Amino acid sequence: MPSEKNSADSLAALAAVIASRLPARGGDPEASYVARLLHKGPDAFLKKIGEEATEVVMAAKDADHGGDPKKIVYEVADLWFHSMIALAHYGLSPADVLAELERREGTSGLQEKAQRKQGADPSPSEGESA
(Lines give C-alpha, C1' and ligand atoms only; values in the text may rest on other atoms or scores of the structure.)
Protein backbone atom coordinates (compact mmCIF):
# COMPACT_ATOMS: atom_id res chain seq x y z
CA MET A 1 0.00 0.00 0.00
CA PRO A 2 1.40 3.43 -0.91
CA SER A 3 2.55 5.65 1.91
CA GLU A 4 0.39 8.58 2.96
CA LYS A 5 3.52 10.44 3.97
CA ASN A 6 4.51 13.45 1.88
CA SER A 7 8.03 14.75 1.33
CA ALA A 8 7.76 17.37 4.07
CA ASP A 9 6.64 14.64 6.50
CA SER A 10 9.62 12.49 5.50
CA LEU A 11 12.01 15.38 6.04
CA ALA A 12 10.41 16.21 9.39
CA ALA A 13 10.66 12.57 10.52
CA LEU A 14 14.33 12.39 9.56
CA ALA A 15 14.96 15.76 11.23
CA ALA A 16 13.43 14.41 14.45
CA VAL A 17 15.77 11.42 14.40
CA ILE A 18 18.77 13.68 13.73
CA ALA A 19 17.71 16.05 16.53
CA SER A 20 17.48 13.10 18.92
CA ARG A 21 21.20 12.50 18.27
CA LEU A 22 22.24 15.99 19.43
CA PRO A 23 24.69 15.89 22.36
CA ALA A 24 22.24 17.93 24.46
CA ARG A 25 19.67 15.18 23.95
CA GLY A 26 22.04 12.39 24.90
CA GLY A 27 23.19 11.38 21.43
CA ASP A 28 25.78 8.63 21.85
CA PRO A 29 28.78 9.05 19.52
CA GLU A 30 29.68 5.39 20.09
CA ALA A 31 26.29 4.21 18.82
CA SER A 32 25.35 6.71 16.12
CA TYR A 33 27.08 8.17 13.07
CA VAL A 34 25.03 11.38 13.40
CA ALA A 35 25.85 11.71 17.10
CA ARG A 36 29.53 11.16 16.27
CA LEU A 37 29.52 13.99 13.70
CA LEU A 38 27.64 16.30 16.07
CA HIS A 39 29.98 15.39 18.95
CA LYS A 40 33.02 16.26 16.80
CA GLY A 41 31.53 19.69 16.12
CA PRO A 42 30.81 21.84 13.08
CA ASP A 43 34.12 21.21 11.33
CA ALA A 44 33.25 17.51 11.01
CA PHE A 45 29.78 17.87 9.50
CA LEU A 46 30.69 20.94 7.45
CA LYS A 47 33.55 18.98 5.89
CA LYS A 48 31.06 16.21 5.03
CA ILE A 49 28.74 18.77 3.40
CA GLY A 50 31.62 19.99 1.24
CA GLU A 51 32.53 16.43 0.28
CA GLU A 52 28.94 15.55 -0.57
CA ALA A 53 28.48 18.73 -2.64
CA THR A 54 31.57 17.78 -4.63
CA GLU A 55 30.18 14.28 -5.14
CA VAL A 56 26.93 15.78 -6.50
CA VAL A 57 28.94 17.78 -9.03
CA MET A 58 30.98 14.71 -10.00
CA ALA A 59 27.85 12.56 -10.42
CA ALA A 60 26.26 15.23 -12.62
CA LYS A 61 29.42 15.52 -14.72
CA ASP A 62 29.47 11.72 -15.07
CA ALA A 63 25.81 11.75 -16.15
CA ASP A 64 26.72 14.28 -18.85
CA HIS A 65 29.16 11.70 -20.21
CA GLY A 66 26.97 8.59 -20.15
CA GLY A 67 26.98 7.83 -16.42
CA ASP A 68 23.87 6.86 -14.50
CA PRO A 69 21.80 9.99 -13.64
CA LYS A 70 20.35 8.11 -10.64
CA LYS A 71 23.73 8.55 -8.95
CA ILE A 72 22.90 12.26 -8.75
CA VAL A 73 19.87 11.40 -6.62
CA TYR A 74 22.00 9.23 -4.34
CA GLU A 75 24.58 11.98 -3.88
CA VAL A 76 21.97 14.71 -3.38
CA ALA A 77 20.37 12.53 -0.69
CA ASP A 78 23.74 12.40 1.08
CA LEU A 79 24.12 16.17 0.72
CA TRP A 80 20.64 16.82 2.09
CA PHE A 81 21.22 14.40 4.96
CA HIS A 82 24.44 16.08 6.06
CA SER A 83 22.89 19.52 5.56
CA MET A 84 20.09 18.44 7.89
CA ILE A 85 22.71 17.62 10.53
CA ALA A 86 23.95 21.21 10.22
CA LEU A 87 20.39 22.53 10.46
CA ALA A 88 19.85 20.56 13.69
CA HIS A 89 23.12 21.78 15.16
CA TYR A 90 22.08 25.38 14.56
CA GLY A 91 18.54 24.89 15.89
CA LEU A 92 16.93 24.94 12.44
CA SER A 93 14.79 22.45 10.56
CA PRO A 94 13.80 21.46 7.04
CA ALA A 95 10.58 23.39 7.65
CA ASP A 96 12.69 26.57 7.84
CA VAL A 97 14.22 25.79 4.46
CA LEU A 98 10.82 24.95 2.95
CA ALA A 99 9.41 28.22 4.31
CA GLU A 100 12.26 30.13 2.66
CA LEU A 101 11.65 28.37 -0.65
CA GLU A 102 7.92 29.13 -0.37
CA ARG A 103 8.75 32.78 0.36
CA ARG A 104 10.71 32.89 -2.89
CA GLU A 105 8.00 31.16 -4.92
CA GLY A 106 6.81 33.31 -7.79
CA THR A 107 9.83 35.58 -7.60
CA SER A 108 12.26 35.59 -10.48
CA GLY A 109 15.68 34.36 -9.44
CA LEU A 110 17.18 37.45 -11.01
CA GLN A 111 14.74 39.70 -9.14
CA GLU A 112 15.35 37.91 -5.85
CA LYS A 113 19.11 38.22 -6.26
CA ALA A 114 18.83 41.93 -7.11
CA GLN A 115 16.73 42.50 -3.98
CA ARG A 116 19.43 40.90 -1.84
CA LYS A 117 22.07 43.13 -3.37
CA GLN A 118 19.92 46.18 -2.52
CA GLY A 119 19.57 44.97 1.06
CA ALA A 120 15.82 44.41 0.72
CA ASP A 121 16.13 40.79 1.83
CA PRO A 122 17.75 40.08 5.19
CA SER A 123 18.50 36.50 4.08
CA PRO A 124 22.24 35.84 3.77
CA SER A 125 21.75 32.91 1.38
CA GLU A 126 23.37 32.78 -2.02
CA GLY A 127 20.96 30.33 -3.67
CA GLU A 128 18.77 31.42 -6.53
CA SER A 129 15.10 30.96 -7.18
CA ALA A 130 13.66 29.81 -10.50
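In the range 15-61, which residues are within 22 Å of Glu75 (Cβ to Cβ), among the aliphatic types (A, V, I, L, M) and open to solvent by 60 Å² or more (accessible area, probe 1.4 Å)?
Val17, Leu46, Val57, Met58
Looking at (1) out of contact with any Ser or Thr (no Cβ under 8 Å at 6 or more places or on another chain); (2) surrounded by 11 or more Cβ atoms within 10 Å (Cβ to Cβ); (3) free of Cβ contacts under 8 Å to residues at least 24 places away in the same chain, find the lone condition where Gly91 falls short.
Against the list (1) out of contact with any Ser or Thr (no Cβ under 8 Å at 6 or more places or on another chain); (2) surrounded by 11 or more Cβ atoms within 10 Å (Cβ to Cβ); (3) free of Cβ contacts under 8 Å to residues at least 24 places away in the same chain, Gly91 comes up short only on (2).
Take Val73 and tell me if it is open to solvent by 90 Å² or more (accessible area, probe 1.4 Å), at pLDDT 95 or above and among the β-branched types (Val, Ile, Thr).
In short, yes.
Give the residue, chosen from Ala114, Ala8, Ala31, that is small (Gly, Ala, Ser) and modelled with pLDDT of 95 or more. Spell out how you get there, then give the answer.
Working: Ala114 fails: modelled with pLDDT of 95 or more; Ala8 fails: modelled with pLDDT of 95 or more.
Checking each option against the conditions leaves just Ala31.
Which ones in the range 1-14 are under 14 Å from the mean Cα position of the chain (by Cα) and exposed (fewer than 10 other Cβ atoms within 10 Å of the Cβ)?
Matches in the range 1-14: Ser7 only.
Considering only the range 33-84, state which residues are in contact with a Leu (Cβ under 6 Å, 6 or more places away or on another chain) and of a type in the set (Val, Ile, Thr).
The answer is Val56, and nothing else.
State all residues of the range 5-37 that are assigned to a helix (DSSP H, G or I), without any contact (Cβ under 8 Å) to a residue 40 or more places away in the chain and not small (Gly, Ala, Ser); if no residue qualifies, say none.
If we filter the range 5-37 for residues that are assigned to a helix (DSSP H, G or I), which is where we start, we get 7-20, 23-25, 33-37.
Now drop any that are not without any contact (Cβ under 8 Å) to a residue 40 or more places away in the chain, which leaves 7, 9-10, 13, 16-17, 20, 23-25, 33, 35-36.
Listed by number, the residues that qualify are Asp9, Val17, Pro23, Arg25, Tyr33, Arg36.
The values are calculated or read from the model by the stated rules, or taken from the named source; none is laboratory data. On a predicted model such as this, the values are computed, not experimentally measured, just so you know. So basically every Cβ, Gly included, is an ideal-geometry build from the backbone, and we count neighbours across all protein chains shown. SASA here: full protein model, heavy atoms, side chains in, ligands and nucleic acids out. Shrake-Rupley method; radii C 1.70, N 1.55, O 1.52, S 1.80 Å.
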